[in-house]
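Trainee: Take a look at this one; I'll ask things after.
The values are calculated or read from the model by the stated rules, or taken from the named source; none is laboratory data. As the structure is a prediction and not an experimental result, all values here were calculated from the model. Heads up, the Cβs are rebuilt from the backbone with ideal geometry, glycines too, and the neighbour counts pull from every protein chain shown. SASA here: full protein model, heavy atoms, side chains in, ligands and nucleic acids out. Shrake-Rupley method; radii C 1.70, N 1.55, O 1.52, S 1.80 Å.
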Amino acid sequence: MFKKIDANLIYNALYQLLLILVPILTTPYLARTLGPNSLGIYGYVAAIAAFLGNFMLLGLNQFGVRTIAKSNSSNLIANFRDLWGTQIIVGIILLGAYLLFVILFAPYKIFFLLEIPFLIGYGTDISWLYIGVGKVKRVVVRNSIVKLISVVFIFIFIRDQSDLWKYFLINSLGILLANMIFLIDINRIGIRIRQIHWKKYRSRFLSSLLFLAIPLVASQLYTNIDSALVGTFAGTHQLAFYDQSQKIARVILAALTSTSTVIMPKMAALDGHSDQSRLNKMFRLSLDVTLVVSLIFALLMMVNTNNFIPFFFGSSFIPMRQNMYWVSLIVIFIAYGSVFSLQLALAKGLYRIYMIPYVVGALYSLFANTLFDTKYGAMGGTLVIVTTELIVCVLRIYMIRDYIDLGEILRSHYKMVLAFVITLFVFKIVNFDGFNLYLSFVLNSIGALLCFVIMMLIIHDKTMAHLLYLLKI
């Protein structure tokens with residue numbers, strides 16, 4: 001089992017590496033070609049479409065994966081039929097509501113219409129089936145090919161601000177194409193669409209999926225609709241600063257949290273069996289690695305913000321330096337909290353515990369954004385998203401306290417956080433920003449890493465020794 005997990009983690013890691021490289025290639029080009037205002041319009045429209053698209057998934061990336069992972073050969077097809085049938089029905093209803101909204105209320109109507117292929121792609125997405133049966137490699141390969149084709153098209157067809165509609169279409173069709181490929185290839189895992197007895201469809205998973213949709217919708221309120229709120233209250237120019245300042249953080253988070261997607265179905269399979277000790281070791285290893293890596297990435301982002309923005313985004317984005325500095329903290333909050341919510345709460349079927357932090361975060365985000373966005377613009381939105389993710393992270397940890405030795409975990413982890421804070425303080429006073437761009441980046445990065453490690457040694461942190469022990473086992 002662990003060998004299978006290792007293979008899936010490698011495939012996932014390669015794909016996440018691609019997801020990191022793609023924005024590194026395209027974002028500087030798009031920032032200079034389209035500019036803040038066009039990117040702000042894209043952020044506004046894409047945020048609303050992404051909110052609806054993720055709602056169409058109905059939590060299948062969690063519940064669907066878990067259900068398929070627990071299925072056997074006798075009920076796999078029936079479970080898939082009832083899950084996917086529910087997804088399609090809900091998708092059709094939401095797509096109809098979307099079209100009504102676009103016709104009656106939406107600004108930028110042409111751009112909203114260009115998102116229809118994107119929504120159809122989400123409404124028919126069955127990547128959760130492949131992940132549930134352990135076919136992560138196929139998901140990675142197909143997504144990678146489509147992603148690379150999209151990158152090529154961006155550089156070929158996006159030339160100036162008038163090409164914004166092409167950027168919408170490239171991304172929208174890319175999502176649709178990727179998911180159509182999954183449907184074409186589904187027979188390789190023993191399921192034939194034509195042979196599915198749709199007349200036997202039952203909405204037996206609807207209540208569970210709708211229940212899981214509550215945290216999904218809630219999370220989207222502060223990860224997508226927050227962009228729409230910033231755009232509404234502060235304008236598309238400020239929205240560009242708000243959205244783009246999160247670009248690198250979100251890419252890193254995709255890589256860090258993807259581990260949970262692979263590990264969660266395995267932990268779900270172990271839960272309730274004699275492998276409880278193995279489950280605990282797997283959880284603790286994942287938690288330790290996630291904290292170490294998220295602290296390092298956040299640290300590197302924060303110490304290099306001043307030089308990175310003009311180099312990567314261009315001089316027109318210099319005003320968002322403070323946004324990117326502070327938003328880097330969400331890398332820690334989201335990555336660390338997701339291990340508790342995805343790999344423990346959801347793997348154990350603790351849906352109420354999984355749901356509540358999202359709902360609280362959504363309510364806080366809606367209130368705080370209406371309060372701060374108008375007055376403080378992008379910086380107000382940044383303050384809200386950082387505090388929202390902190391609240392959600394704390395709740396995720398607190399609510400799982402009856403199922404783990406929380407005190408032992410926090411006693412071993414607070415020292416790493418302390419080392420992170422001390423390193424940040426040191427680099428606010430002493431840094432290498434006075435050198436040329438590339439030398440400053442290298443010196444700040446190496447210096448911050450060395451300082452972080454030295455701080456951990458000084459305060460006698462034992463996390464690294466614990467990691468080596470777990471890896472040896």
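Trainee: Taking the Cβ-Cβ separation of residue 193 and residue 78 as r and a Förster radius of 22 Å, what is the calculated FRET efficiency to the nearest 0.05?
Mentor: Result of the calculation: an efficiency of 0.95.
Trainee: Can you classify the stretch 47-193 as rounded, prolate or oblate using the Cα gyration tensor, where a ≥ b ≥ c are the square roots of its eigenvalues, rounded means a/c under 1.5, and otherwise it's prolate if a/b beats b/c and oblate if not?
Mentor: oblate
Trainee: Hey, rough spin-label estimate for residue 92 and residue 18, points 7 angstrom out along Cα→Cβ, what's it come to in nanometres?
Mentor: 3.3
Trainee: Could I ask something else about it? Pulled fully out, how much extra length does the chain show between residue 375 and residue 426, if you take 0.36 nm times their separation in residues and subtract their Cα-Cα distance?
Mentor: Difference between extended and current length: 15.2 nm.
Trainee: Moving on. With a point put 7 Å past each Cα toward its Cβ, work out how far residue 203 is from residue 406 in nm, to one decimal.
Mentor: Once both label points are built, they end up 3.7 nm from each other.
Trainee: Probe radius 1.4 Å, ligands and nucleic acids ignored: give me the carbon and sulfur share of the accessible area of the chain as a rounded percent. Let's see the in-between values first.
Mentor: Working: 14330 of 20850 Å².
On the chain, the fraction of accessible area on carbon and sulfur atoms equals 69 percent.
Trainee: Let me ask something additional. What pairs in 70/135; 70/200; 109/147 have C-alpha atoms more than 23 Å from each other?
Mentor: The pairs that break the limit, which is 23 Å between Cα atoms, are 109/147.
Trainee: According to a simple spin-label model (label point 7 Å from Cα along Cα-to-Cβ), what is the distance in nm between residue 449 and residue 109?
Mentor: Distance between label points: 5.4 nm.
Trainee: Give the accessible surface of the chain per residue, rounded to a whole number of Å², with probe radius 1.4 Å and ligands, DNA and RNA excluded. Intermediate values should be presented prior to the final figure.
Mentor: Numbers: 20850 Å² over 473 residues.
Per-residue value: 44 Å².
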